[in-house]
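Read the structure below first, then the notes.
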Amino acid sequence: MMLVDTITQGLLLGGLYALFAAGLSLVFGIMRLVNLAHGDLIIMAAYLILGIAMALNLHPFVAVLLAAPIMFGLGWLLQTHLLNRVLGADILPPLLVTFGLSVVIQNGLLEGFTADSRKLTAGSIEAQAVHLGPVTLGVMPLLTFLSAVAVVFALNQLFYRTALGRAFRATSDDAVTAQLMGIRPQKVFAMATGIALVVATIAALFLGTRANFDPSIGPARLLYAFEAVIIGGLGSLWGTLAGGIVIGVAQALGASVNPEWQILSGHIAFVLVLLLRPRGLFPRAND
Amino acid sequence: MTPTRTAGLIAAFVGLAALYAMPAIAPRAVVQDLFGILTLLVLAMNWNMLAGFAGLVSVGQQAFVGIGAYAMFAAIILLKLDPLLGVLIGGLAAAAFSVPMAFFAFRLNGAYFAIGTWVVADIARLAMGQWKALGGGTGTSLPKGTTKDMVGVETIKQVLDVSGAAAADALTYWLMLSLAVVLLVASYVFLRTRMGLGLQAMRDNETAARSVGVDPLRLKAWVFLLTAFGTGLCGALAFIQITRITPDAAFSVIDWTAFVIFITVIGGIGSLPGPVVGVIVFYVLQRLLADYGTIYLIVLGILGIVVMLFARRGLWGLFTDRTGIDLLPLTHRPPRSVAPVLPPTKRTA
């Protein structure tokens with residue numbers, strides 16, 4: 001029974017990791033960009049939600065609605081002014097630019113908000129739980145997981161049912177030919193990064209309400225997110241959700257044996273999956 | 001030999017002699033400062049070989065620093081060996097760790113490789129935290145007086161007429177300086193050989209390099225193994241000076257990899273003098289902005305981004321382009337006699 005409970009908690013934790021990873025997966029799938037600043041951008045979004053919630057005295061769930069468009073704009077600007085300039089066959093420049101960005105954001109937040117850990121307070125909902133047969137589920141973790149499923153579903157709808165999604169897929173498959181058909185890859189990329197940062201804002205909401213955060217925790221979140229993306233397979237959003245769940249369940253199982261083994265078991269699950277399937281569980285694109 | 005190269009070589013020898021003389025003429029604080037700079041330089045030269053020449057963008061170099069340092073601590077505390085032997089063991093342990101790491105990470109391409117190495121380094125950090133004999137997660141210190149009992153410290157103490165601690169500083173400093181010099185010379189010699197040429201050919205165009213018989217996997221594996229050895233030695237030596245180890249400090253991605261990446265990029269990735277220039281810029285920045293907390297990190301990050309946007313070959317690349325001076329050139333002139341003399345052809349267009 002303990003095992004069922006542990007796995008369920010791991011599953012819900014996996015939802016949070018999938019939220020961290022969904023934006024990353026989108027950007028990686030469309031433009032092969034590895035954004036090493038993604039974790040720090042999530043933390044930045046958490047501070048943005050916190051700032052809006054405190055300044056306007058709003059509930060975090062409302063503040064996120066104001067934060068999301070700001071983050072979209074930031075993503076758009078970031079892509080058009082910085083990242084589009086370094087995308088190319090050589091993977092080194094985008095890696096190093098986003099790595100630089102990560103250090104700049106992390107230390108900028110440290111200067112602005114100090115190293116004190118903060119939390120988004122969501123009120124009584126934080127302590128509520130539902131009983132499902134043998135297991136008890138926290139409402140917030142459940143909400144996190146359902147949001148992850150909803151985000152992945154929405155992104156998939158966008159990807160496969162809209163004109164923008166068609167442009168995404170076309171650019172992902174062959175940017176040059178897509179250009180011949182009247183698509184401007186730079187604009188498509190800017191949209192993608194904007195959407196990725198909206199997803200990052202949603203992730204930030206659940207990260208911030210679930211536990212304390214401070215400016216230094218971005219890189220660790222980035223690592224879990226990347227593990228989810230890579231395990232899931234390049235370009236597959238449902239794969240990313242599955243990857244997040246694999247990491248979450250592995251961490252929960254490890255933690256149930258010894259709390260010190262939580263993160264270690266997640267990493268080991270990542271290594272094992274890649275040893276067995278180097279291209280991840282559900283690879284969509286060849287790359 | 002051109003006049004600039006002769007002048008450059010003479011300047012290099014004079015500078016090197018001055019650096020070796022430092023423990024005898026400068027105060028201990030200067031020697032310790034220089035030791036810190038040299039540590040970063042050695043790490044940067046190793047990373048430059050990996051990323052700048054072999055195309056292996058690793059974000060997991062802290063794995064080798066940490067493993068080297070932990071192996072050195074284990075050799076001293078558990079096996080009661082001399083610290084200098086411990087340093088060698090540290091290097092070997094890092095090299096040994098690089099083999100299974102390569103088997104895993106080499107399956108991953110490009111960006112995946114960066115993340116994969118980072119994850120492996122984090123696994124090593126967490127695993128070392130479980131090593132209770134070396135203090136687990138809270139770490140441990142070297143036994144008191146360990147460094148003063150190192151081979152050679154007693155002699156240095158008498159010759160320079162300094163305290164035991166200063167003599168230990170001098171010894172580790174000379175070793176780090178020698179490691180930097182050996183690494184620079186070895187890199188130059190290696191890159192001028194057939195294998196080195198193959199490595200650069202592979203970086204520039206892997207398919208073309210393979211078509212003329214370069215074996216990319218073998219070359220990359222060698223570079224990965226050797227730089228792991230160098231990074232491990234450097235990490236072990238650095239932690240003799242620090243005398244205290246924790247998993248978070250020994251496997252710090254910021255201290256041992258992020259700084260190193262920025263130093264290499266700003267100085268000039270893919271050139272041998274690049275890391276030297278970069279480490280000087282880093283040190284000056286750190287000094288100038290010492291009173292403003294983490295501002296220097298922000299400046300460093302922005303500088304790294306600017307270099308990637310506007311001058312991909314870094315400050316050294318800019319300097320060579322402007323002046324034509326290249327102190328450690330890696331380019332080869334095409335052989336004159338081999339090129340066939342083409343008969344003049346009629347232009348049709």
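A short reminder: the numbers here are calculations on the coordinates, not readings from a lab. Since the structure is predicted, the reported quantities are computational estimates derived from the model, not experimental observations. As a convention, Cβ positions derive from the backbone with ideal geometry for all residues, glycine included, and neighbour counts pool all protein chains shown.
To the nearest 20 debye, what is the magnitude of the charge dipole of the stretch A:2-276 about its Cα centre, counting +1 on the Cβ of each Lys and Arg and -1 on the Cβ of each Asp and Glu?
Numbers: 11 positive and 11 negative charges, 141 e Å.
So the dipole magnitude of the stretch A:2-276 works out to roughly 680 debye.
Just name one of B:Thr147, A:Pro259, B:Gly235: the one whose Cα is farthest towards the positive end of the charge dipole of the protein assembly as shown (beta-carbon charges, Lys/Arg +1, Asp/Glu -1).
Among B:Thr147, A:Pro259, B:Gly235, the one farthest towards the positive end of the dipole of the protein assembly as shown is B:Gly235.
Could you work out, for the stretch A:236-276, what percent of all Cα-Cα pairs fall into each 5 Å distance bin, beginning at 0 Å and stopping at the bin that holds the largest distance?
Result, from short to long distances: 6, 28, 26, 23, 11, 4, 1 percent.
Taking Cα pairs under 8 Å and at least six residues apart, what relative contact order does the stretch B:18-250 come out at, in percent? Don't jump to the answer; show the numbers that get you there.
Numbers: 326 pairs, mean separation 88.1, N = 233.
Relative contact order, the stretch B:18-250: 38 percent.
Using just the C-alpha positions of the stretch B:252-325 as equal point scatterers, what log10 of I(q)/I(0) does the Debye formula give at each q in 0.19 1/Å?
Debye intensities relative to I(0), on a log10 scale: -0.73.
Can you figure out the FRET efficiency of B:Ile10 with B:Ile302, using R₀ = 45 Å and their beta-carbon distance, to the nearest 0.05?
Numbers: r = 37 Å, r/R0 = 0.82.
With R0 = 45 Å, the Cβ-Cβ based efficiency is 0.75.
Set Lys and Arg Cβ to +1 and Asp and Glu Cβ to -1, take the dipole of the stretch A:123-252 about its Cα centre, and tell me which of A:Gly165, A:Ser124, A:Ser216 lies farthest positive.
Result: A:Gly165, furthest along the dipole toward the positive end.
Note down the relative contact order for the stretch A:143-287 as a percent, whole number, built from C-alpha pairs under 8 angstrom at least six residues apart. Before the final figure, lay out each step's value.
Details: 133 pairs, mean separation 26.7, N = 145.
The value is 18 percent.
Please list A:14-24, A:203-213, B:146-156, A:58-68 highest first by mean number of surrounding beta-carbon atoms within 10 Å per residue.
A:14-24, A:203-213, A:58-68, B:146-156
What is the Cα radius of gyration of chain B over 2.2 N^0.38 Å, N being its residue count?
Values: Rg = 21.9 Å, N = 349, 2.2 N^0.38 = 20.4 Å.
Expressed relative to 2.2 N^0.38 Å, the Cα Rg reads 1.07.
What are the aspartates and glutamates whose alpha-carbon lies under 15 Å from the alpha-carbon of B:Lys220, with same-chain residues fewer than 8 places away excluded?
Here the aspartates and glutamates satisfying the reach criterion relative to B:Lys220 are B:Asp204, B:Glu206.
Less than 30 Å apart at the alpha-carbon level, and either on another chain or at least 8 residues along: which lysines does that give for B:Lys157?
Output for B:Lys157: B:Lys80, B:Lys144, B:Lys148.
About its Cα centre, what dipole magnitude does the protein assembly as shown give when the only charges are +1 on Lys and Arg Cβ and -1 on Asp and Glu Cβ, stated in debye to the nearest 20? Write down the numbers at each step before the final one.
Working: 38 positive and 27 negative charges, 360 e Å.
That gives the protein assembly as shown a dipole magnitude of about 1720 debye.
So what are the three principal axis dimensions of the stretch B:5-53 from its Cα atoms, in whole Å, longest to shortest?
If we take the Cα atoms of the stretch B:5-53, the spans are 37, 30, 9 Å.
For the protein assembly as shown, just list the percent of Cα-Cα distances falling in each 10 Å bin from zero outward, please.
Histogram of Cα-Cα distances, whole percents per bin: 3, 15, 24, 25, 18, 10, 4, 1, 0.
Taking the stretch A:2-276 as the region of interest, what is the percent of Cα-Cα pairs per 10 angstrom bin, listed from the shortest bin to the one with the maximum distance?
7, 29, 36, 21, 6, 1
Fewest Cβ neighbours within 10 Å first, please rank B:Lys220, B:Lys144 accordingly.
Details: B:Lys220 19, B:Lys144 8.
The order, fewest Cβ neighbours first, is B:Lys144, B:Lys220.
Please label the shape of the stretch A:68-226 as rounded, prolate or oblate, based on the square roots a ≥ b ≥ c of the eigenvalues of the alpha-carbon gyration tensor (a/c under 1.5 means rounded; beyond that, a/b larger than b/c means prolate, else oblate). Present the calculation step by step, with values, prior to reporting the outcome.
Numbers: a/c = 2.67, a/b = 1.42, b/c = 1.88.
Here the stretch A:68-226 falls in the oblate category.
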